[in-house]
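Colleague: Dropping a structure here in structure tokens format, bear with me for questions.
The values are calculated or read from the model by the stated rules, or taken from the named source; none is laboratory data. Because the structure is a prediction, the values reported are computed rather than measured. As a convention, Cβ positions derive from the backbone with ideal geometry for all residues, glycine included, and neighbour counts pool all protein chains shown. When the accessible area is computed, the model is the full protein with side chains, heavy atoms only, and any ligands, DNA or RNA have been set aside. Shrake-Rupley method; radii C 1.70, N 1.55, O 1.52, S 1.80 Å.
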Amino acid sequence: MNAVLSVVGKDTVGILASVAGKCSDYKANVIDVSQTVINNYFAMFMIINIDALTIEFNTFVDELTELGKAKALEIHVMHEDIFNLMHQI
């Protein structure tokens, strides 16, 4: 099972490293990453595999939300199936 992780906020050093590190802490494997910086604003999407997650998914979501708050970023995580259903016609 995969999840979609998004990050938006002011660009600072180490955003990718801190988010990927938190994923690694809980055995979420980063499959793909796309990021950009536009006029000092950072935006990133990650596809992560959560099959080996060492904590409950909802707790993982909360951990990443808290990381975002600590770094003044908006971090959202949702199951890939939910993401895909939201974007179907």
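Colleague: Considering segment 1-16 alone, what residues qualify as being β-branched (Val, Ile, Thr) and open to solvent by 60 Å² or more (accessible area, probe 1.4 Å)?
Modeller: Val8, Thr12, Val13, listed by residue number.
Colleague: What's the number of the condition Asn29 fails, among (1) touching a helix residue (DSSP H, G or I) at 6+ places or on another chain (Cβ under 8 Å); (2) open to solvent by 30 Å² or more (accessible area, probe 1.4 Å); (3) within 19 Å of Met86 (Cβ to Cβ)?
Modeller: (3)
Colleague: Identify, by number, the condition in (1) exposed (fewer than 15 other Cβ atoms within 10 Å of the Cβ); (2) in contact with a helix residue (DSSP H, G or I) (Cβ under 9 Å, 6 or more places away or on another chain); (3) of a type outside the set (Gly, Ala, Ser) that Gln88 doesn't meet.
Modeller: Answer for Gln88: the failing condition is (2).
Colleague: For Asp32, work out the one condition from (1) among the charged types (D, E, K, R); (2) in a helix (DSSP H, G or I); (3) farther than 12 Å from Val8 by Cα it doesn't fulfil.
Modeller: Going through the list (1) among the charged types (D, E, K, R); (2) in a helix (DSSP H, G or I); (3) farther than 12 Å from Val8 by Cα, Asp32 breaks only (2).
Colleague: Something else about it: Could you check how many residues of segment 41-79 are surrounded by fewer than 16 Cβ atoms within 10 Å (Cβ to Cβ), in a helix (DSSP H, G or I) and either among the charged types (D, E, K, R) or modelled with pLDDT under 95 (or both)?
Modeller: Selection size over segment 41-79: 3.
Colleague: May I pose another question? Scan segment 56-81 and report the pairs whose first residue is free of Cβ contacts under 8 Å to residues at least 60 places away in the same chain and whose second residue is basic (Lys, Arg) and part of a helix (DSSP H, G or I), with Cβ atoms within less than 7 Å and a gap of 6+ or a chain change.
Modeller: Matching pairs, first to second residue: Glu63/Lys22; Leu64/Lys22; Leu67/Lys22.
Colleague: Shifting gears a bit: Hey, could you check segment 1-21 for residues that are among the β-branched types (Val, Ile, Thr) and outside any strand (DSSP E or B) and say which is nearest to the chain's Cα centre (by Cα)?
Modeller: Among them, the one singled out is Val19.
Colleague: How about segment 10-44: which of its residues are on the phi > 0 side of the Ramachandran plot and in contact (Cβ under 8 Å) with a residue 12 or more places away in the chain?
Modeller: Lys27, Asn40
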